[in-house]
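Down below is the structure, laid out as structure tokens.
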Amino acid sequence: MFFFPKPKSVEIREGEFLPLKQGDVILSPAGIPQGAKVKLDLTYPVPCKEAYELDVSKDGITIRTSGEEGARMAFQTLRQAIAQGSKEGVQCLKIVDEPTLKIRGFMLDISRCKVPTMQTLAYLVDLLSLFKFNRLELYTEHTFAFQNHELVWGDSTPMTPQQYKILDALCARANIELVPNLNSLGHMDRWLRYPEYQHLAECEAPFIDPMGNERPYPTTLYPSKESLDFIGSLYDDFLPNFTSKNFNAGCDEPWEFGTGRSKEECDKIGKYKVYANYVKELSKLAKNHGKRIHIWADVILEEPEFAKELPEDLVALLWGYYPDSPIDEEAKILHDQKRDFIVVGGTNTWNSFAIRLDTAYQNVKDVCSSAKKWGAMGAMLTNWGDNGNHQAWCAMWLAVLAFAQSAWGDDFEEADVCKAADMFVFQDPTGNMSKALTELGRCDPAKKLHSLHNKLFFADSKKIAELKEQGAEEHFKSMFEGANKAIEFLSKAEPHSPDAEVCKGEIALAADLIKWTVARASDDEKIQSLNLRKTLKVMRSQYEQIWLARARIGGLFESSMRAFANRTEE
């Protein structure tokens with residue numbers, strides 16, 4: 001028997017099975033297992049709310065725990081046992097289990113073009129619950145149907161109040177807290193690009209951000225009463241749709257903060273004091289809706305001493321995604337401040353057609369080990385969609401599973417991650433789906449931010465020449481061969497998951513995009529050959545079909561145009 005994440009204790013009763021028929025195990029409306037073969041004890045003393053004992057014998061199924069949370073966790077383990085059953089029934093066993101980290105969260109970016117359909121979100125919740133996640137956030141800048149702000153969200157097919165209420169109920173049944181997420185200071189360019197909102201901006205645009213990119217629109221609000229009134233009106237629309245008592249207000253990367261309209265005040269009392277005063281007002285607005293505010297910790301960590309100015313109950317979200325991220329050092333700072341915090345890592349799928357797999361794996365280890373070492377409330381994994389959300393959706397699962405194991409228990413083993421992906425995500429008895437993703441995840445040498453194939457794909461001929469001079473060409477062969485190996489493994493795969501054909505299409509397209517990129521960079525930098533031009537047009541059609549299999553139409557035009565428009569002549 002194989003369980004993922006690994007339970008703390010498993011005792012297999014060899015040769016003993018419990019026959020089950022349809023209806024023997026069902027779920028109550030609250031997500032609690034029940035049925036003719038289920039005995040539930042919700043008064044059993046266990047170390048924490050999600051701890052449980054699961055006992056499967058010839059007489060039936062017994063779940064012992066202290067409440068509904070533990071019963072729901074036990075059910076996810078039971079699901080995995082039933083999925084591995086035989087014609088004789090379910091293997092008899094006893095499992096004693098509990099989580100290591102209290103919070104085990106996943107954040108999905110729905111503001112960089114791709115807003116998943118409700119069906120996709122429901123299936124995501126089902127799989128996250130199977131792997132014992134207990135928190136979900138949908139990163140939001142503008143993709144919610146705010147009243148009277150259709151100018152901003154009208155072409156994004158956003159989440160609606162009713163959809164969030166439905167998703168909130170689905171999550172509750174799965175023992176997942178759906179935490180509202182709305183950026184409230186920086187990353188506001190989806191709003192501030194319009195003249196009707198530019199009176200709220202800290203600065204005019206264009207400007208150069210800290211990464212050296214020219215930004216055509218303002219991104220940061222001017223920290224004023226007018227801005228707070230505006231944000232408060234958004235909260236009034238957004239926050240009542242969630243039962244969670246927590247709220248992620250963002251406030252990360254306010255690049256222009258203190259350089260424009262607030263400069264005089266910042267020079268007078270200090271930039272961090274002005275920032276803290278603004279966050280305190282956001283906290284008050286959130287408390288009007290019964291929410292405890294969370295913010296990203298990057299500004300806090302620029303000047304840790306000023307953190308005492310922030311509300312005592314504020315939760316800091318310490319984020320770091322790459323090998324050089326000082327996660328452990330920064331976790332110690334927050335620990336020493338006695339600040340509640342959550343450590344946040346990332347799948348490293350963004351700015352890629354697949355995933356930077358080894359970076360993702362190491363990041364998961366760094367994030368979860370620091371969370372455990374420094375007494376964090378828990379950890380969270382993000383799946384960002386920077387610059388168009390062009391990555392294969394299914395590429396995230398290897399990182400998600402590695403995180404699931406490391407947050408629930410001990411560090412993951414890669415072989416177990418791949419086995420769990422094939423058994424429970426792809427339902428592929430051949431084991432080739434995970435092999436295909438692994439090949440894609442390791443064929444590119446980049447370790448952070450942008451995969452090399454991503455840089456090359458979007459580069460003009462001048463930039464390609466520069467990348468070659470920097471040594472890119474030495475990786476062309478391994479990238480091309482890795483993509484070919486992924487296609488070879490994919491041809492042998494036999495997935496049976498509900499989204500099996502979509503997953504196969506995503507992996508095949510990612511491999512084809514990488515191969516096309518290498519071919520272009522090697523011989524045809526200006527995309528002049530008929531073959532490259534025809535192939536690109538076909539891939540665009542495939543890209544759009546695959547997008548619509550999981551996501552809404554809003555954002556597709558922008559994403560597709562970023563990748564495929566005007567690429568026949570550089």
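The values are calculated or read from the model by the stated rules, or taken from the named source; none is laboratory data. Since we're looking at a predicted model, the values are computed, not measured. Heads up, the Cβs are rebuilt from the backbone with ideal geometry, glycines too, and the neighbour counts pull from every protein chain shown. Surface accessibility is based on the protein's heavy atoms, side chains included, excluding ligands, DNA and RNA. Shrake-Rupley method; radii C 1.70, N 1.55, O 1.52, S 1.80 Å.
Looking at the chain alone, DSSP beta bridges between its own residues are antiparallel in about 40 percent of cases. Helical content alone sets the calculated 222 nm signal of the chain at -13000 deg cm²/dmol, taking -39,500 (n - 2.57) per DSSP H segment of four or more residues and averaging over every residue.
Top to bottom by accessible area (1.4 Å), largest first, where do E202, E481 land? Let's see the in-between values first.
On the way: E202 5, E481 80 Å².
Heavy-atom accessible area, descending, gives E481, E202.
Skip the ligands, DNA and RNA, and give the accessible area per residue of the stretch 9-152 with a 1.4 Å probe, whole Å². Could the numbers behind the result be given before it?
Numbers: 5780 Å² over 144 residues.
Per-residue value: 40 Å².
If the convex hull of the alpha-carbon atoms of the stretch 403-474 is projected onto planes in all directions, what is the mean projected area in square nanometres? The partial results should precede the final answer.
On the way: hull surface 26.6 nm².
Here the figure is 6.6 nm², rounded to one decimal.
Taking the chain, the Cys residues with no second Cys beta-carbon under 4.7 angstrom are C48, C92, C113, C171, C203, C251, C266, C368, C418, C443.
A probe of 1.4 angstrom, applied to the heavy atoms of all protein chains, finds F557 with accessible area near 150 square angstrom. Over what distance in Å are the Cα centres of the stretch 146-192 and the stretch 462-528 separated? Distance between centres, Cα-based: 34 Å. When the P(r) of the stretch 214-372 is calculated, the portion above 27 Å amounts to 32% of the C-alpha pairs. For E14, E98, the ranking by accessible surface with the largest value first comes to E14, E98, using a 1.4 Å probe. Normalised by 2.2 N^0.38 Å, with N the number of residues, the alpha-carbon radius of gyration of the stretch 348-392 equals 1.34. Note on W384: accessible area is roughly 30 Å² with a 1.4 Å probe, heavy atoms of protein only.
Here are some pairs, K492/K534; K102/K504; K372/K435; K373/K419; K448/K477; which of them have Cα atoms lying more than 25 Å apart in this structure? Write out the running numbers ahead of the final one.
Working: K492/K534 27 Å; K102/K504 35 Å; K372/K435 30 Å; K373/K419 28 Å; K448/K477 20 Å.
Checking Cα-Cα distances, K492/K534; K102/K504; K372/K435; K373/K419 exceed 25 Å.
Remark: the stretch 277-413 carries 31 Å² of accessible area per residue (probe radius 1.4 Å; ligands, DNA and RNA excluded).
Leaving ligands, DNA and RNA out of it, report the carbon-plus-sulfur percent of the accessible area of the stretch 71-185 at a 1.4 Å probe. Provide the component values of the computation, followed by the final result.
Working: 1800 of 3470 Å².
Answer for the stretch 71-185 is 52 percent, counting heavy atoms of protein chains only.
Packing, taken as the mean count of other beta carbons within 10 Å per residue, orders the peptides 257-264, 127-134 from highest to lowest as 127-134, 257-264. For the stretch 1-149, the spread of Cα coordinates along the three principal axes comes to 61, 34, 26 Å, biggest extent given first.
With every protein chain kept in the model, how would you rank D229, D428 by accessible area, 1.4 Å probe, largest at the top? The partial results should precede the final answer.
Values: D229 90, D428 5 Å².
Largest to smallest exposure gives the sequence D229, D428.
Roughly how large, in nm² to one decimal, is the mean projection of the convex hull of the alpha-carbon atoms in the stretch 346-483?
On the way: hull surface 36.6 nm².
Its Cα hull, projected and averaged over all orientations, spans 9.1 nm².
Listed highest first by mean packing, meaning other Cβ atoms within 10 Å per residue, what order do 389-400, 371-382, 53-64 come in?
Numbers: 389-400: 25.7, 371-382: 22.0, 53-64: 19.3.
So the peptides 389-400, 371-382, 53-64, ranked by packing, come out 389-400, 371-382, 53-64.
The figure for R540 is an accessible area of roughly 60 square angstrom, using a 1.4 Å probe on the protein chains alone.
At a 1.4 Å probe, what is the % contribution of carbon and sulfur to the accessible area of the stretch 480-570? Carbon plus sulfur share of accessible area: 53 percent. On the basis of the beta-carbon distance and an R0 of 56 Å, I26 and S491 show a calculated FRET efficiency of 0.90. Kindly identify the stretch 12-69 as rounded, prolate or oblate by the Cα gyration tensor criterion: order the square roots of the eigenvalues as a ≥ b ≥ c, call it rounded if a/c is under 1.5, otherwise compare a/b with b/c, prolate if a/b is larger, else oblate. It comes out oblate by the Cα gyration axes. With kT/(6 pi eta Rh) evaluated at 10 °C and eta = 1.306 mPa s, and Rh the Kirkwood radius from Cα pairs, the stretch 392-435 diffuses with a coefficient of 153 µm²/s according to Stokes-Einstein.
Ligands, DNA and RNA left out, the 1.4 Å accessible surface of the stretch 206-342 is 49% carbon and sulfur atoms.
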